[in-house]
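Student: Attaching a single structure in structure tokens format; questions to follow.
The values are calculated or read from the model by the stated rules, or taken from the named source; none is laboratory data. Predicted, not measured: the structure shown is a model, and the values here were computed from it. In this analysis, Cβ positions are derived from the backbone assuming ideal geometry, glycine residues included, and neighbour counts consider all displayed protein chains. Remember, those area values only see protein heavy atoms, side chains included, never the ligands or the DNA or RNA. Shrake-Rupley method; radii C 1.70, N 1.55, O 1.52, S 1.80 Å.
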Amino acid sequence: MTADEAPSGEADAGEGGTGAPPDPGEPNRVFSRLTREYSSDVIKVQWYARRCIHSAACIRALPQVFNPSRRPWIDVDAGNADAIAAAVTRCPTGALQFERLDGGPAEPVPETVEILAIDNGPYFVRGPVKVEDSKGGVIRSDTRLALCRCGQSKHMPFCDNTHRAVGFRSQPPTE
């Protein structure tokens, strides 16, 4: 099986679901290793399906480049590299990453870690973050990710939108 093939019974985001959010009561159902890359002479954008929870931050930031109704859904020729890089960094999960091919700046790495609890959703984490397993192995090292709060994600500790399917409701913090 290649990285772009879905196992039997699992939806392939390449067949109509790429970039489009799941129904409100459903978690993501995309093949976990599905990745797409979109390049021009000045910038390369990678999309990691398993990380995407369809917050649509990229679409709101630059709809002419990020359009889930179009195939391919990312058109790197429809915007300038600085605007595309800025839109990519708005992705709260790190599902979108970029590499400048024109010598432009890489994504800035925040000096501190910030965690934002999303109402009825995940924790959005920004900063220099390394997630390790119980044996100290690195699961992921990144500057943007979404951590599950509902406890039901199929790829813990990361959010996969299952909170929507299970009706998770966050409680106000208590001290």
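Student: Please compute the net charge surrounding ILE115, taking Lys and Arg as +1 and Asp and Glu as -1 over other residues with Cβ under 13 Å from its Cβ.
Tutor: That sum, taken over residues with Cβ under 13 Å, equals +2.
Student: Now for a different question. For region 30-129, what is the charge dipole size about the Cα centre, in debye to the nearest 20, if Lys and Arg each add +1 at the Cβ and Asp and Glu each add -1 at the Cβ?
Tutor: 460
Student: Could you provide, to the nearest whole Å², the per residue accessible area of region 43-163 with probe 1.4 Å?
Tutor: Per residue, region 43-163 has 49 Å² of solvent-accessible surface.
Student: In whole percent, what relative contact order does region 50-157 give with Cα contacts below 8 Å and a gap of six or more residues?
Tutor: 19
Student: Please report the Cα spread of region 54-175 along all three principal axes, rounded to whole Å, starting with the longest.
Tutor: 46, 33, 27
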